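Working notes for the structure below.
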Amino acid sequence: MRIRNSLLVVALAAGLGACHGAGGPQMSRVTAWLTDAPGTDMIESAQVTISTVYLVGSDGTARDTLSTNAGVFDLLDLQNGLKAFLGTATIAAGDYEQLRLVVTGATIALKTGFTFSDGTATHDLKVPSGPQSGIKVNFGGPVHIAPPATTVTIDFPIDENFVFTGGSSSPNGVLFTPTLHGTVTQ
């Protein structure tokens with residue numbers, strides 16, 4: 001009886017050890033940053049409001065949220081290597097299909113001496129699919145998240161995202177054409 005109880009204790013200990021071993025998913029602390037490349041000389045400020053940052057799983061449906069309250073950012077403040085913190089979360093390591101930014105607003109203000117054709121210097125922009133599914137960040141393939149930590153940097157280049165319509169000295173307006181690029185650092 002004593003041998004059988006000892007074997008039962010050993011078997012239970014081995015079983016519990018297996019539950020906490022390599023069988024669980026490896027995790028990674030993911031941190032997202034926002035930056036911008038130098039842009040046009042006409043823009044005084046280019047503000048974007050980002051409400052949520054999330055990764056889409058390889059199945060195309062599962063979401064892992066990195067931030068639900070990122071903030072309002074003036075992209076001109078994020079040039080020449082400067083970055084703004086977007087969010088951080090611990091998620092399962094692996095390949096993700098894409099990263100998306102939910103952009104709920106964007107405003108362009110022109111520098112002194114420039115106006116839009118309507119006489120104003122500021123325009124609120126329509127954000128294509130930004131408030132609904134978010135704007136996809138281009139990584140050139142899957143987003144690989146590796147343990148123990150991964151940094152994702154999102155470049156939001158002004159010249160690629162905000163296209164002036166009409167004349168160059170007094171444009172009719174600005175089109176927001178989302179083109180975001182991402183890099184991953186392990």
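Roughly how large, in nm² to one decimal, is the mean projection of the convex hull of the alpha-carbon atoms in the stretch 25-185?
Values: hull surface 36.6 nm².
Across all orientations, the stretch 25-185 yields a mean hull projection of 9.2 nm².
Modelled spin-label separation between SER133 and MET27, with each label point placed 7 Å from Cα along the Cα-to-Cβ direction: 3.1 nm.
Farthest toward the positive end of the dipole of the chain, out of TYR96, SER28, THR183, is the Cα of SER28, where the dipole comes from beta carbon charges about the Cα centre. Among beta bridges from DSSP that stay inside the chain, the antiparallel ones total about 85%. If you plug the beta carbon distance of THR88 and SER45 into 1/(1 + (r/R0)^6) with R0 = 25 Å, you get a FRET efficiency near 0.40. Other residues within the sphere of radius under 9 Å centred on the Cβ of LEU76, judged by their own Cβ, net out at -4 (K and R +1, D and E -1).
About its Cα centre, the dipole of the chain is roughly 1080 debye, where the only charges are +1 on Lys and Arg Cβ and -1 on Asp and Glu Cβ.
Net charge within 10 Å of PRO142 by Cβ-Cβ distance, Lys/Arg positive one each and Asp/Glu negative one each, not counting PRO142 itself?
Here the count lands on -2.
Our helix-only sum for the chain, with -39,500 (n - 2.57) per DSSP H run of n ≥ 4 divided by its residues, gives a mean residue ellipticity at 222 nm of -3500 deg cm²/dmol. Shown is the FRET efficiency for THR122 and ALA37, computed with R0 = 22 Å from the Cβ-Cβ distance and rounded to the nearest 0.05: 0.45. Across VAL56, VAL102, VAL163, mean-square fluctuation computed from a Gaussian network of the chain (C-alpha pairs under 10 Å connected) peaks at VAL163.
Within the listed set THR40, THR31, THR150, the residue fluctuating most in the Gaussian network model of the chain (springs between alpha-carbon atoms under 10 angstrom) is THR40. Cross-link reach is defined here as a Cα-Cα straight distance under 25 Å, omitting same-chain residues fewer than 8 places apart; for LYS136 the lysines meeting it are LYS83, LYS126.
Against the longest alpha carbon principal axis of the chain, how many degrees, from 0 to 90 and to the nearest 10, is the axis of helix 2-19 turned? It is inclined by approximately 10 degrees. For GLU44, GLU97, the sequence from fewest to most other C-beta atoms within 10 Å is GLU44, GLU97. Would you mind telling me which residue in PRO25, PRO142, PRO128 has the biggest mean-square fluctuation in a Gaussian network model of the chain, where springs connect alpha carbons within a distance under 10 angstrom? Judging by the Gaussian network model, the answer is PRO25.
Every number in this text was worked out from the coordinates using simple rules, so none of it is lab data. Predicted model, so just to flag it, every value in this text is computed and none were measured. Here Cβ is always computed from backbone atoms with ideal geometry, including for glycine, and neighbour counts include all displayed protein chains.
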